[in-house]
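The values are calculated or read from the model by the stated rules, or taken from the named source; none is laboratory data. Quick caveat: nothing in here was measured; it's all calculated off a predicted structure. Positions of Cβ are backbone-derived with ideal geometry, glycine not excepted, and every protein chain shown enters the neighbour counts. With ligands, DNA and RNA removed, areas are computed over all heavy atoms of the protein, side chains included. Shrake-Rupley method; radii C 1.70, N 1.55, O 1.52, S 1.80 Å.
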Amino acid sequence: RNASSVMQAGARMMPGLVGDVAIPKKTAASSAGWISTEGGAASESEPTFGTVSLTPKTVGAFSDMTRQLILQSTPAIEALVRDDLTQALALAIDAGALKGTGSSGQPTGLYATSGINTDSFAGATPTWAEIVGLETLVAEDNALLGNLAYIAPAGLYGTLKTTAKANNQAIFAVDPDGTMNGYRTIVSNQATAGYLLFGNFSDCLIGMWSGLDLTVDPYTASTTGTVRVVALQTVDVAVRHAVSFALGTPAV
């Protein structure tokens, strides 16, 4: 299975939600001004606020265990199926947070979020300057704080381990400790090939309306003795501040 991406990078999990949820966010800060005369009054300045909405969306999967499989296996077979379904749903939620389209029941993931910073690389692989440029885009929006990390697919990460920062130097884009540009780098094939994402993953919210619901169903295929295990979970994804992220994409 793929390694997790957004969850591993530190997305903010919000369990126990009820109904549609509106998360407040500050859209503009107050500002202070100098008072020109002694005894003069300060000017009024108020911050403005908006909201980020989370609405329930359901992800699910099921597995069938035949009667013969159950009879010929140890009792651990059901635990194995449950564990496999649990991992499948967790990775589906993680993929939705990263690249959900916002349609066909999917949440809107980071790649598709309106307003995030974007950069198109000059080639198939980013240069050192382009890697740093993603950090700069976030910094220019005063958003360079929090749980900062890069997410890269395994192929791109492998290439960057052999990409020199400058000509004729044996100093590579990925540092010996596995970080890049001083930040954690999450390597996951959940990420789209060639895409490099940087940002404050605390601003990616994953809301959960339920725990993992597991149902053991011996009735649907009772004539064959097959037992079905169904897994469902209700979640949504929202980005609190789009400018906290920068997405780099390869040249077409």
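P(r) tail for the stretch 94-206: Cα pairs beyond 21 Å make up 36% of the total.
The shape of the stretch 46-124 can be summarised by an equivalent ellipsoid whose semi-axes, obtained from the alpha carbon gyration tensor, come to 40, 18, 10 Å from longest to shortest.
From the Cα gyration tensor of the stretch 2-97, with a ≥ b ≥ c the square roots of its eigenvalues, which class applies: rounded if a/c is under 1.5, or else prolate if a/b is larger than b/c, or else oblate? Could the numbers behind the result be given before it?
Numbers: a/c = 5.96, a/b = 4.09, b/c = 1.46.
Prolate is the answer for the stretch 2-97, as a/c is 1.5 or above and a/b outweighs b/c.
Please compute the per residue accessible area over the chain with all protein chains in place, 1.4 Å probe, rounded to a whole number of Å². Working shown, then result.
Working: 13300 Å² over 252 residues.
That works out to 53 Å² per residue.
Cβ-Cβ distance of T118 and E46, R₀ of 41 Å, FRET efficiency by 1/(1 + (r/R0)^6): the value works out to about 0.85. Taking the C-alpha atoms only, the angle from helix 128-140 to the longest principal axis of the chain is near 70 degrees. Kirkwood radius, the stretch 166-252, all distinct C-alpha pairs, inverse of mean reciprocal distance: 17.8 Å.
Taking the Cβ-Cβ separation of A221 and R1 as r and a Förster radius of 41 Å, what is the calculated FRET efficiency to the nearest 0.05?
Numbers: r = 27 Å, r/R0 = 0.65.
Given R0 = 41 Å and the Cβ-Cβ separation, E is 0.95.
The stretch 1-20 and the stretch 127-142 have Cα centres lying 25 Å from one another. Solvent-accessible area of the stretch 163-252 (1.4 angstrom probe, protein heavy atoms only): carbon and sulfur portion equals 53 percent.
Quick check: residue separation of S53 and L212 times 0.36 nm, minus the Cα distance between them. What number comes out in nm? Don't jump to the answer; show the numbers that get you there.
Numbers: separation 159, 0.36 × 159 = 57.24 nm, distance 2.20 nm.
So the extension gain works out to 55.0 nm.
For the chain, the longest principal axis of the Cα atoms and the long axis of helix 76-99 meet at an angle of about 30 degrees. The calculated FRET efficiency for the pair A251 and E38, based on their C-beta separation and a Förster distance of 41 Å, comes to about 0.10.
Computed 3J(HN,Hα) for the stretch 215-226, one whole-Hz value per residue from the Karplus formula 6.51 cos²θ - 1.76 cosθ + 1.60 where θ = phi - 60°, is 10, 9, 10, x, 9, 4, 10, 5, 5, 9, x, 6, glycine and proline marked x. Estimated at 0.36 nm per residue, the fully extended path between E78 and K25 surpasses their Cα-Cα distance by 14.7 nm. A cut-off of 5 Å between modelled amide H atoms, ignoring neighbours fewer than 5 places along the same chain, links V52 with I23, K25.
Per-residue Karplus couplings for the stretch 229-241, computed as 6.51 cos²θ - 1.76 cosθ + 1.60 with θ equal to phi - 60°, are listed in order as 10, 10, 10, 9, 8, 10, 9, 7, 10, 9, 10, 6, 9 Hz, Gly and Pro entered as x. Within the full protein context, the accessible area of W128 is estimated at about 60 Å² for a probe radius of 1.4 Å.
Entry note, the chain: the mean residue ellipticity at 222 nm calculated from DSSP H runs of n ≥ 4, each adding -39500 (n - 2.57), is -6500 deg cm²/dmol after division by the residues and rounding to the nearest 500.
Each 5 Å bin from zero holds the following percent of Cα-Cα pairs in the chain: 1, 6, 11, 14, 14, 12, 10, 9, 8, 6, 4, 3, 1, 1, 0, 0, 0, 0, 0.
Output the relative contact order of the chain, whole-number percent, from Cα pairs under 8 angstrom with separation of 6+ residues. Don't skip to the end; give the middle numbers.
Details: 524 pairs, mean separation 79.2, N = 252.
Rounded, it is 31 percent for the chain.
When only Cα pairs below 8 angstrom with a gap of at least 6 residues are kept, the stretch 1-106 shows a relative contact order of 33 percent.
In a shell of Cβ-Cβ distance under 14 Å around Q190, excluding Q190 itself, what net charge do Lys and Arg (+1) and Asp and Glu (-1) give?
Details: positive: R1, K99; negative: D94.
Result for the neighbourhood of Q190: +1.
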